[in-house]
Amino acid sequence: TMNICVIPARGGSKRIPRKNIKEFNGKPIIAYSIEAALKSNCFDQVIVSTDDDEIAEVAKKYGAQVPFLRPDELSNDYAGTIPVIKHAIEWMEDNKSSVENVCCLYATAPFIRPQIISQAYQQLNNSKADYCFSVTSFAFPIQRAIKIVEKNKVSMFYPEHFNTRSQDLEEAYHDAGQFYWGKAQAFKDELPIFTEVATPYILPRYLVQDIDTPEDWIRAEAMYRALQETNVLL
């Protein structure tokens, strides 16, 4: 049985055109995920799931395999991550490969480290969970979050916490958007990830940057360069 890495990377991206292969500090952003997956020594195959010939070429250049092009119905704006991973597993099984564990790695996760991939795999196995995915803590207590309401005024999401001290509030975490390790069967059964079947791998906030907008991109490139200078990214 195999462990595979699947990197979903469709061609269409609205807010940052050609986002998955856009140059990030000198090389296509997807290259960081491919190289980290290969260096982690966790996988029999590192696969890029794409509907796009140019992305497929870039992926192969950096050492990934592109055994299929993803079908159109899984390449639109509404295709969820789990069905894309399920498709890759079932394609492998149809081609006589038995898949046991899968790591879904995002194409826009340049802060991913090979040792984190392998440590999360250990955590998946040791915890006997169905999934292990990356989380990080919110920098500010979510219980004191504010929304902007009509006429440009404000109100609290949780007014009952107006007088609660920060240190008395429960810490909150969010998906760090780097990887989802899981049992192949869990992806095939489409088990929801953010539930008690999952164990969280906690990342420090400085290794986490969602890259959805041009503003995010500029911040991420600057953060990456700063972390390189401090040797955090070794």
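The values are calculated or read from the model by the stated rules, or taken from the named source; none is laboratory data. Since the structure is predicted, the reported quantities are computational estimates derived from the model, not experimental observations. Reconstructed Cβ throughout: ideal geometry from the backbone, glycine too, with neighbour counts over all protein chains shown. With ligands, DNA and RNA removed, areas are computed over all heavy atoms of the protein, side chains included. Shrake-Rupley method; radii C 1.70, N 1.55, O 1.52, S 1.80 Å.
How far, in nm, would the chain grow between Phe194 and Ser98 when pulled straight, counting 0.36 nm per residue and subtracting the alpha carbon separation? Walk me through the intermediate numbers first.
On the way: separation 96, 0.36 × 96 = 34.56 nm, distance 2.60 nm.
Gain in length upon complete extension: 32.0 nm.
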Local charge sum around Gln209 (other residues, Cβ-Cβ under 12 Å, Lys/Arg +1, Asp/Glu -1)?
-3
Heads up, I need the accessible area for Asp168: 1.4 angstrom probe, whole protein in place, Å², nearest 10.
90 Å²
Hey, got the dipole for the chain? About the Cα centre, +1 on K and R Cβ, -1 on D and E Cβ, debye to the nearest 20?
620 debye
Among the lysines, which fall within straight-line cross-link reach of Lys61, defined as a Cα-Cα distance under 20 Å, with same-chain neighbours fewer than 8 residues apart omitted?
Lys19, Lys22, Lys27, Lys39
Give the Cα extents of region 1-129 along the principal axes, in whole Å, largest first.
40, 33, 25
Sort Arg144, Arg225 from largest to smallest accessible area, using a 1.4 Å probe on the heavy atoms of the protein chains.
Arg225, Arg144
Most fluctuating residue given options Glu215, Glu170, Glu93, as computed from a GNM of the chain linking Cα atoms under 10 Å:
Glu170
1.4 Å probe accessible area per residue over region 136-182, in Å²:
72 Å²
Just read off the accessible area of Phe157 with the full protein assembly in place, 1.4 Å probe, to the nearest 10 Å².
110 Å²
Can you pull the Kirkwood radius for region 54-97, inverse mean 1/r over Cα pairs, to one decimal in Å?
11.6 Å
State to the nearest 20 debye the size of the charge dipole of region 75-154 about its Cα centre, where the only charges are +1 on K and R beta carbons and -1 on D and E beta carbons.
620 debye
Among all the lysines, which ones have a C-alpha under 21 Å from Lys153's C-alpha, if same-chain residues fewer than 8 places away are not counted?
none
Mind checking the full-extension length gain between Asp168 and Asn25? Use 0.36 nm per residue of separation minus the Cα-Cα distance, one decimal, nm.
47.4 nm
The farthest towards the positive end of the charge dipole of the chain, of the residues Ala64, Gln178, Pro141, given +1 on Cβ of Lys and Arg and -1 on Cβ of Asp and Glu, is Pro141
Using label points projected 7 Å from each Cα along Cα→Cβ, tell me how many nm separate Arg15 and Glu160, to one decimal.
3.2 nm
Other residues with Cβ under 12 Å from the Cβ of Asp52 give, with Lys and Arg +1 and Asp and Glu -1, a net charge of -1
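Going from most exposed to least, what order do Arg113, Arg10, Arg18 have by accessible area with a 1.4 Å probe? Intermediate values should be presented prior to the final figure.
Numbers: Arg113 30, Arg10 60, Arg18 80 Å².
Heavy-atom accessible area, descending, gives Arg18, Arg10, Arg113.
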Compute the helix-to-body angle for 29-39: its Cα long axis versus the longest principal axis of the chain, expressed 0 to 90° and rounded to tens.
70 degrees
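For region 66-117, what does the accessible surface come to per residue with a 1.4 Å probe? Please give it in Å². Could you put the intermediate results ahead of the total?
Values: 2190 Å² over 52 residues.
For region 66-117, the per-residue accessible area is 42 Å².
With every protein chain left in place, what is the accessible area per residue of region 193-234 in square angstrom, probe 1.4 Å? Kindly include the intermediate steps, with their values, before the conclusion.
Values: 2750 Å² over 42 residues.
Solvent-accessible surface per residue comes out at 65 Å².
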Consider all pairwise Cα distances in the chain and report the whole-number % of them above 23 Å.
52 percent
From the Cα centre of region 142-196 to that of region 88-121, the distance in Å is 26 Å
Quick one: give the max-minus-min coordinate of the C-alpha atoms of region 130-215 along each principal axis, largest first, in Å.
48, 35, 27
Over region 1-96, with every protein chain in place, what whole percent of the accessible area is carbon and sulfur at 1.4 Å, could you tell me?
45 percent
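I want the antiparallel fraction of DSSP beta bridges within the chain, as a percent rounded to 5. Before the final figure, lay out the partial values.
Numbers: 17 of 34 bridges.
Just about 50 percent of them are antiparallel.
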